[in-house]
Every structure is written in structure tokens, then in C-alpha cells.
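As C-alpha cells, the structure follows; a few thoughts come after it.
The values are calculated or read from the model by the stated rules, or taken from the named source; none is laboratory data. Remember, it's a predicted structure, so these values are computed and weren't measured experimentally. Cβ placement follows ideal geometry from the backbone for every residue including glycine, while neighbour counts extend to all protein chains displayed.
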Amino acid sequence: MHILFVADPLESFQTYKDTTFAMMREAQRRGHSVAACEPRQISWKRGGKVVAHVRHIRLTGQTPQWFETTGEGLQELAGFDAIVMRKDPPFDSEYFYSTHLLEQAEREGARVFNKPRALRDHPEKLAILEFPQFIGPTLVTRSADDIRAFHAEHQDIILKPLDGMGGMGIFRVGADGRNLGSIIETLNRGGACSVMVQKFLPEIAQGDKRVLVIGGKPVPYCLARIPQGNEVRGNLAAGGKGVAQPLNDHDKAMAEAVGPVLMERGLLLAGIDVIGQCITEINVTSPTCFQEIFDQTGCDVASLFLDALEQAQAQP
């Protein structure tokens, strides 16, 4: 296959932990050709097809110069066998517009994974609303009064913006309510922005688990991201420690229930975040943790992903 990865600048990759790099490496190992572009390099003009300025690359197996460019230029997206959308959040207006350009490319014959419409339909914080049987007490609102009432009921709560990533903008407010008013003002901006509020789950001490689902099936190992020191967030970007571990029966059952639903909608890869017994988020833009799981367990997640990608691409 000729695979195009739509991603952040290649020069920004931290290859020792980057999941997109792991995908590219496995694709090249299997004999597939690899190309890359950034969303800003995609365009469309009446009378033509969706195109992008792409770089055809070869992975060198070296660092820091981990790739070399073997060719570049303007190319129709429909000319690739598969397009893998791996642009990191935030899911801002430009990300939104990119999904529309990719969807136009689909109409022209391109195969895009994850599907652009599915990316738009599953915002990572709000996707859990469809599965209330698996989530803890949760509120989504712009109302400061509603947030205060939720705090009065549950005492210990987590507040977070709907467009954050990597633990950005997450606050914990305990029973004393200290700084609740200031946090509400910061997050909801006078009622202009919606906020997600969840009951604090003390099981976070054992880790915020990333359960990967590929082709509708759970990967047998997850990565528990454990908060360090006084930090309440387990996100690796916020300093959490990643510990790979086998899926327990409960996490596997939740992933087996949610995974086929996501796959049917065109989400070939998703990352389900689990604290204790509860799903807290469903990540679909650029789920990570492939390399951490492989390094600690030997489970080759990138190979599982390429298996699923090859199978999905071959289907009519």
C-alpha cells in the first residue's frame, strides 16, 4: 500500500514514544510506502480534487535524523491506498475544516482512517455520553449554578474544558469548595463555554488506564498512567508514570461493548480512558501509548494496527 499520514510536523516527533512513528515503522517493515503531510498543506480547488503537498519518506532507523525525504510535491489524496489521520488535538476550527477536506477526498475515492465524519461526531470528552452505563456521575453545562449544585452533591469533583488534551485545564475541587468560583470563571468564561464536571474517582491513584481498541477489539494490554507526587492528573504529558498491565475482565468487557459500535462508525483506532470501573473519555483523534505498551510487554500494538488497516483497506 501507499499510505499517507496526516500529522504534525515530522521534525516535532519524539520517536522513542511517538505512536505515529511506530505506525510508520511497521508500515515500512511490511513493504508499504510511507508519505506524510500536515493538515495546513491540504487544499481543494473547483474543477479539481483534494490535494496536498506531501513528502515521501524512508525511515532510516537512526536518530536524530530518523527519516529522509525521497520525493515531494503536490498529489491527489485519492491516489493513496490509505490515509491515516493522526493530527494531535486541539480539535479547533482548523481541525474541523480538515475533516471536511478529508471527507471531500473520500467522495473522490480516498480511504481515510479514522473516518472524518466519525472524528467530528465523537468529540473526545462528549463521546462517553452515549454509554452512561459505563461512566461515573457526570455533568456537562455552561451554568455556574449547576456546577455548584453538582459539587454540593458529590463534594469532591473534577472540572475540565471540552477541548483540552494531555490533562490541560483540569482542576480538582474538594469538599471545602476552595477556589470553585474562580475555577468556574476560568473554564466557563462567564457562561460562554461548556464545562465537563465529574465526580472525583479515588481509583486514579492506581492509574488512568488507556485501553486501546483496534478494529473494534481491545488490545490485551493497557497503559495505566499513574499520577506522581501531588499531581491529580495521570496524563503522561502532565508527568504521569506509564505502567503497562493486562486488561482486567471489567475493562475488557467495557471495551468489547463499546469497540464494535465505534468500529461500525469508521473508528479503526480508539483509546478508551478508564479510572476504576468508569470510562472517563474516548479518544479518537490520535490515540497513543503504542510504544510504551510494546516496550514493557512485547505486545506489538503497531503490528495489530497495521493488520487492521490492511484488512479495512481491502474491504470494498
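What are the residues in region 61-102 that are over 18 Å from the mean Cα position of the chain (by Cα), within 16 Å of Pro9 (Cβ to Cβ) and not in a strand (DSSP E or B), if any?
Listed by number, the residues that qualify are Pro64, Gln65, Trp66.
Taking the criterion of being of a type in the set (A, V, I, L, M), assigned to a helix (DSSP H, G or I) and closer than 13 Å to Asp88 by Cα, would at least one residue in region 23-33 satisfy it?
Checked region 23-33: no residue is of a type in the set (A, V, I, L, M), assigned to a helix (DSSP H, G or I) and closer than 13 Å to Asp88 by Cα.
Which residue pairs have Cβ atoms under 9 Å apart, sit 6 or more places apart or on different chains, and have a first residue in region 232-251 that is closer than 13 Å to Val211 by Cα and a second that is modelled with pLDDT under 95 and among the aliphatic types (A, V, I, L, M)?
These pairs meet every condition: Gly242/Ile226; Gly242/Leu236; Val243/Ile226.
Which condition number does Ser143 fail, the rest of (1) in contact (Cβ under 8 Å) with a residue 12 or more places away in the chain; (2) surrounded by fewer than 20 Cβ atoms within 10 Å (Cβ to Cβ); (3) under 28 Å from His2 (Cβ atoms); (4) out of contact with any strand residue (DSSP E or B) (no Cβ under 7 Å at 6 or more places or on another chain) being met?
(3)
This table checks each residue for (1) surrounded by 14 or more Cβ atoms within 10 Å (Cβ to Cβ); (2) in a helix (DSSP H, G or I); (3) of a type outside the set (S, T, N, Q).
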| site | (1), (2), (3) |
| --- | --- |
| Gln104 | yes, yes, no |
| Ile128 | yes, yes, yes |
| Leu159 | yes, no, yes |
| Met165 | yes, no, yes |
| Arg178 | no, no, yes |
| Met196 | yes, no, yes |
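Select from region 1-54 the residues that are within 13 Å of Glu76 (Cα to Cα), of a type in the set (S, T, N, Q) and surrounded by 14 or more Cβ atoms within 10 Å (Cβ to Cβ) and list them in ascending order.
Passing the criteria: only Gln41.
Taking the options Ala192, Ala255, name whichever one is crowded, with 22+ Cβ neighbours inside 10 Å, small (Gly, Ala, Ser) and either at pLDDT 95 or above or not in a strand (DSSP E or B) (or both).
Ala255
Could you please give the count of residues in region 131-157 that are among the small types (Gly, Ala, Ser) and part of a helix (DSSP H, G or I)?
Residues that pass the stated criteria total 3.
Only one of these is in contact with a helix residue (DSSP H, G or I) (Cβ under 7 Å, 6 or more places away or on another chain) and either without any contact (Cβ under 8 Å) to a residue 40 or more places away in the chain or not assigned by TED's automatic domain parsing to the domain that holds Gly191 (or both): Ala105, Ala118, Ala127, Ala149. Name it.
Every option except Ala105 fails the conditions.
For Thr63, state whether it is among the hydroxyl-bearing types (Ser, Thr, Tyr), at pLDDT below 95 and surrounded by fewer than 17 Cβ atoms within 10 Å (Cβ to Cβ).
So Thr63 fits the description; yes.
Restricting to region 275-287, what's the tally of residues that are part of a loop (DSSP other than H, G, I, E, B) and crowded, with 24+ Cβ neighbours inside 10 Å?
2
Kindly list the number of the only condition in (1) within 17 Å of the chain's Cα centre (by Cα); (2) outside the structural domain of Asp295 (by TED's automatic domain parsing) that fails for Asn235.
If we test Asn235 against (1) within 17 Å of the chain's Cα centre (by Cα); (2) outside the structural domain of Asp295 (by TED's automatic domain parsing), just (2) comes out false.
Tell me, please, whether a residue that is assigned to a strand (DSSP E or B) and not assigned by TED's automatic domain parsing to the domain that holds Gln296 can be found in region 217-228.
no
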